[in-house]
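A.B. asks: Below: one structure in structure tokens.
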Amino acid sequence: MSFKVEKINTQPFSDQKPGTSGLRKKVTVFKQPHYLENFVQSIFDTLKDCNGQTLVLGGDGRYYNRQAIQVILKMAAANGFGRVIVGAGGLLSTPAASCLIRKYQTLGGIILSASHNPGGENGDFGIKYNINNGGPAPEQFTGAMYARSREIDVYQIAVADDIDIDRPGETSLGDMTIEVMDPVADYAELMTTLFDFDRISDYLKTGSLKICIDAMHAITGPYARAIFEQSLGAAAGSVIRAEPLEDFGGGHPDPNLVYAKELVELIYADNGPDFGAASDGDGDRNMILGKRFYVTPSDSLAVLAANADCVPGYRDGLAGVARSMPTSQAVDRVAEKLGIKSYETPTGWKFFGNLLDAGKATLCGEESFGTGSNHVREKDGLWAVLFWLNILAVKQKPVADIVTEHWQTYGRNYYSRHDYEAVESDRAERLMQQLRSTVTGLPGKTFGDYQIEYADDFSYTDPVDGSVSEQQGIRLGFTDGSRIIVRQSGTGTEGATLRFYYERHEADPAKQNLDPQQALAPLFEIAEAHMQIQENTGRDRPSVIT
Ligand code: G1P
Ligand code: ZN
């Protein structure tokens, strides 16, 4: 193939600051001339020496994935990379990309995804860089990338025909080798080293556990079919919406009760499945359902930690657990009982990387439907499903029983998150500023039966490298352990999204069966009284409640 490197003059864009998880923008923004190229060159410039290095590349298959892959391959060749491992069809789930970076010890990887945000021509696109441990680039790195994007004046790209990324095998582009790989195989193999596939398979074959996995027309379809239907022998058709589509079939690939409606209807129907799960656009999130039963993600993390001894990969014990600050404190109670530490980090998976690398934590999770472990450095949707199936195969009990027995032992952490999406930025900013200005005066104040014990804007000092991340969300902690947390989303692409997180612990088993919205109502009232949410947002109710 003919190969020539061109240096293209460009001008910086001012808005290429990565958020909670990489750079996410509307497809129309990414399609502007030089926009993607500038950002990719900023990544390469931040890496400094790319010569002869290997990169992993793939995405969730959303609209613009294939075009972006061609651009990145040509830029990688022009910037001196020696090899790029690409998922066939340009596809790689986020956890599978993390797995490949680790397994083949590459310099890092580029993942194309806007996760759970809708796709298609008018939807969102995203790009993120993961470092050599397989995890999202830490803040110092993304900060340097952003700084570079503000100064960039030239990028390098090979002038060449498009590369065939659909057939597994090797091709070359100049001196660079492109290895097109089956996106599923290495990831599926890693799963067999962690879970008791025989036991799960035997249990599925008894017919006592009918499962339904909703891939939401996103990346997990091929992975879920290979693992659940082919390897474990679940009935054909157990994976629904399995075909990855560029626009996710017009859906919102976010596994929650609102967006995975089809699955939720099935699980609540007569003769419906005993176990249901859904994953998001790029396969790192999970929602777990039992028959007519929804498992709150924070509870899911706690249940996995409490039952880790059922699973071969974790039978030797957990070094520690970690949760993001807004995630409920349910897992802390398990950690206490196990005599291990529970770390509290800011929102975003990148903060778990150091803890996992240092062997301080084995399991991690976020309230936002993310759970994972030290097997990769991303949250992992199908891993969580397998973990649950392994527990069910050992316990041979319904999901609902496992969770309610967990509450009886540890108490129930009623939990809910209220999102106000696409609020005008000024309004959101005003609410945050007003709230921030009140925190120092709050401790000791009472609201009805509740007294504030502490109030602050969460600041995190990484216990491994000492780096400090400030203003990570405002916490109002009450004397009974309840919490209200408020933060602005770092992944939205329209206006501002405000998230309110509510949590209350209930130790009495007789009072553990309330609807969380009812159980948390007093905290909603306190939040409204103190923050005037309706007036400040101009909305009379949240856009999404999880
Ligand atoms: C959201 C979630 C966060 C998660 C991130 C990436 O970020 O809240 O837990 O790590 O997506 O999946 P946010 O929009 O809140 O910044
Ligand atoms: Zn995701």
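A.B. asks: Distance check, please: which entries in K26/K261; K17/K128; K48/K128; K17/K350; K48/K103 exceed 19 angstrom between their Cα atoms?
C.D. replies: K26/K261; K48/K103
A.B. asks: While we're looking at this one, here's another question. Restricting to region 1-160, what percent of DSSP beta bridges are antiparallel, rounded to 5?
C.D. replies: 60 percent
A.B. asks: Then there is this: Set the Förster radius R0 to 22 Å, insert the Cβ-Cβ distance between K4 and Q67 as r into 1/(1 + (r/R0)^6), and round the FRET efficiency to 0.05.
C.D. replies: The pair K4/Q67 has a calculated efficiency of 0.60.
A.B. asks: Across the chain, where is the longest run that never hits trypsin sites (Lys or Arg not before Pro) in a DSSP loop with at most 10 other C-beta atoms within 10 Å?
C.D. replies: With a cap of 10 other Cβ atoms within 10 Å, the longest stretch comes to 49-314.
A.B. asks: Using only alpha carbon pairs under 8 Å that are at least six residues apart, calculate the relative contact order of the chain and give it in whole percent.
C.D. replies: For the chain, the relative contact order is 13 percent.
A.B. asks: On each of the three principal axes of the Cα atoms of region 415-505, give max minus min coordinate, whole Å, ordered largest first.
C.D. replies: Result for region 415-505: principal-axis Cα extents of 37, 37, 26 Å.
A.B. asks: Starting from one equal scatterer on each C-alpha and no solvent at all, send me the Debye-based log10 I(q)/I(0) for region 306-365 at q = 0.14 Å⁻¹, two decimals.
C.D. replies: -0.35
A.B. asks: Calculate the FRET efficiency for S437 and N271 from the Cβ-Cβ distance with a Förster distance of 51 Å, rounded to the nearest 0.05.
C.D. replies: 0.40
A.B. asks: Given +1 on the Cβ of Lys and Arg, -1 on the Cβ of Asp and Glu, and no further charges, what dipole in debye does the chain carry about its Cα centre, rounded to the nearest 20?
C.D. replies: The dipole of the chain has a size of about 340 debye.
A.B. asks: As a test, work out the antiparallel percent of DSSP beta bridges whose residues both lie in the chain, rounded to the nearest 5.
C.D. replies: Close to 70 percent.
A.B. asks: Straight-line reach from K445: which aspartates and glutamates have Cα under 12 Å away, leaving out those fewer than 8 places along the same chain?
C.D. replies: Of all the aspartates and glutamates, those that pass the test against K445 - Cα under 12 Å, at least 8 places apart if same chain - are E453.
A.B. asks: So with the 1.4 Å probe, I'd like the accessible area per residue for the chain, rounded to whole Å².
C.D. replies: 38 Å²
A.B. asks: Between V464 and K31, what FRET efficiency follows from the Cβ-Cβ distance if R0 is 51 Å, with the result rounded to 0.05?
C.D. replies: So the FRET efficiency works out to roughly 0.85.
A.B. asks: Using Cα positions and a limit of under 20 Å, work out the lysines in reach of K397, with same-chain residues fewer than 8 apart set aside.
C.D. replies: Hits, sequence-local ones excluded: K205, K210, K291.
A.B. asks: Normalise the Debye intensity by I(0) for the chain, one equal point scatterer per Cα, no solvent, then take log10 at q = 0.10, 0.11 Å⁻¹ and round to two decimals.
C.D. replies: -0.80, -0.97
A.B. asks: Only helical DSSP H runs with n ≥ 4 go in: add -39500 (n - 2.57) per run for the chain, normalise by residue count and round the 222 nm mean residue ellipticity to 500 deg cm²/dmol.
C.D. replies: -9000 deg cm²/dmol
A.B. asks: Tell me which residues come under 5 Å, amide H to amide H, from T177 once H is placed; ignore anything under 5 positions away on its chain.
C.D. replies: R83, V84
A.B. asks: Using the Karplus curve 6.51 cos²θ - 1.76 cosθ + 1.60 with θ = phi - 60°, work out ³J(HN,Hα) for each residue of region 178-189 in order, rounded to whole Hz, and write x for Gly and Pro.
C.D. replies: 10, 10, 8, 10, 4, x, 9, 3, 5, 5, 4, 5
A.B. asks: Separate question: With a 1.4 Å probe and every protein chain kept in, tell me what percent of the accessible surface of the chain is carbon plus sulfur.
C.D. replies: Carbon and sulfur together cover 44 percent of it.
A.B. asks: If eta is 1.002 mPa s and T is 20 °C, what Stokes-Einstein diffusion coefficient results for region 304-413, Kirkwood Rh from Cα pairs, in µm²/s?
C.D. replies: Reported coefficient: 152 µm²/s.
A.B. asks: Separate question: Hey, how much of the P(r) for region 107-234 falls beyond 17 Å, as a percent of Cα pairs?
C.D. replies: Summing the P(r) of region 107-234 above 17 Å gives 76 percent of all pairs.
The values are calculated or read from the model by the stated rules, or taken from the named source; none is laboratory data. Because the structure is predicted, anything quoted here is derived from the model rather than measured. A quick note on method: Cβ atoms are made from the backbone with ideal geometry, for glycine too, and the neighbour counts reach across all protein chains shown. Accessible surface is based on the protein model in full, side chains and every heavy atom, while ligands, DNA and RNA are left aside. Shrake-Rupley method; radii C 1.70, N 1.55, O 1.52, S 1.80 Å.
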